[in-house]
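J.: Here it is, the structure in full.
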Amino acid sequence: MPRTLLTDFELMILLATLRVGDDAYGAQIAREIEQTSGRSVLLGAAYAALDRLEQNGYVTSAMGEPTPTRGGRARRFFRVTPRGLRAINETQQALVKLWTGIPQLKEGRT
């Protein structure tokens, strides 16, 4: 089975979903990325990535109950699947291998 590496944004989405925990929804996930990385995230881009990740089996989603604060609309909650966790680990391992042994990246050098 070939290794599946995630894009940087997909990796951030999955990691933010894990950080938020159960009942993570799109706005929370986008906000977590912005707060932890400083990267601005358009909500539409976050949902597009979540849809793609769900199609690939890396996350699952379920609709919550409608809430009055959302005008009767329900939130869509996301969870990372075991397949998503494997993709995160494989991507991390590939990146670490690429970083390892590059003298220009050693502390104190620019």
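J.: Keeping to segment 29-50, report how many residues are among the polar types (S, T, N, Q) and touching a residue at least 12 places away in the same chain (Cβ under 8 Å).
T.: Filtering segment 29-50 for residues among the polar types (S, T, N, Q) gives 35-37, 40.
Adding the requirement that they be touching a residue at least 12 places away in the same chain (Cβ under 8 Å) leaves 36-37.
Count: 2.
J.: Could you list, in sequence order, the residues of segment 29-41 that are within 11 Å of the chain's Cα centre (by Cα) and over 17 Å from G84 (Cβ atoms)?
T.: Of everything in segment 29-41, just one residue is within 11 Å of the chain's Cα centre (by Cα) and over 17 Å from G84 (Cβ atoms), namely A30.
J.: Then there is this: Report whether or not T17 is under 20 Å from Q92 (Cα atoms) and out of contact with any strand residue (DSSP E or B) (no Cβ under 8 Å at 6 or more places or on another chain). Break it down stepwise before answering.
T.: Working: under 20 Å from Q92 (Cα atoms): yes; out of contact with any strand residue (DSSP E or B) (no Cβ under 8 Å at 6 or more places or on another chain): no.
Spelling it out, it is not the case that T17 is under 20 Å from Q92 (Cα atoms) and out of contact with any strand residue (DSSP E or B) (no Cβ under 8 Å at 6 or more places or on another chain).
J.: May I ask you to say which residue of L11, L50 is open to solvent by less than 50 Å² (accessible area, probe 1.4 Å), under 17 Å from G84 (Cα atoms) and in contact with a Phe, Trp or Tyr (Cβ under 8 Å, 6 or more places away or on another chain)? Break it down stepwise before answering.
T.: Working: L11 fails: in contact with a Phe, Trp or Tyr (Cβ under 8 Å, 6 or more places away or on another chain).
Criteria check complete, one pass: L50.
J.: Something else now. Go over the candidates T36, T4, T69 one by one and state the one that is part of a loop (DSSP other than H, G, I, E, B) and β-branched (V, I, T). Steps first, please.
T.: Values: T36 fails: part of a loop (DSSP other than H, G, I, E, B); T69 fails: part of a loop (DSSP other than H, G, I, E, B).
Matching residue, one of T36, T4, T69: T4.
J.: Let me ask something else about it. Tell me the residue from A62, A74 that is at pLDDT 90 or above and open to solvent by less than 60 Å² (accessible area, probe 1.4 Å), please. Can you show your working first?
T.: On the way: A74 fails: at pLDDT 90 or above.
The match here is A62.
J.: Mind telling me which of the residues A45, A16, A27 ends up being at pLDDT below 95 and either in contact with an Asp or Glu (Cβ under 8 Å, 6 or more places away or on another chain) or surrounded by fewer than 16 Cβ atoms within 10 Å (Cβ to Cβ) (or both)? Outline the logic, then answer.
T.: Values: A45 fails: at pLDDT below 95; A16 fails: at pLDDT below 95.
Result: A27 is the single residue among A45, A16, A27 that is at pLDDT below 95 and either in contact with an Asp or Glu (Cβ under 8 Å, 6 or more places away or on another chain) or surrounded by fewer than 16 Cβ atoms within 10 Å (Cβ to Cβ) (or both).
J.: A further question on this structure: Between G64, G101, G44, which is more than 12 Å from the chain's Cα centre (by Cα) and assigned to a loop (DSSP other than H, G, I, E, B)?
T.: Numbers: G64 fails: assigned to a loop (DSSP other than H, G, I, E, B); G44 fails: assigned to a loop (DSSP other than H, G, I, E, B).
Of G64, G101, G44, the one residue that is more than 12 Å from the chain's Cα centre (by Cα) and assigned to a loop (DSSP other than H, G, I, E, B) is G101.
The values are calculated or read from the model by the stated rules, or taken from the named source; none is laboratory data. Because the structure is a prediction, the values reported are computed rather than measured. Counting neighbours? That spans all protein chains shown, and the Cβs are built from the backbone with ideal geometry, glycine included. Ligands, DNA and RNA are stripped out before the accessible areas are found, and what is left, the full protein with its side chains, is counted by its heavy atoms. Shrake-Rupley method; radii C 1.70, N 1.55, O 1.52, S 1.80 Å.
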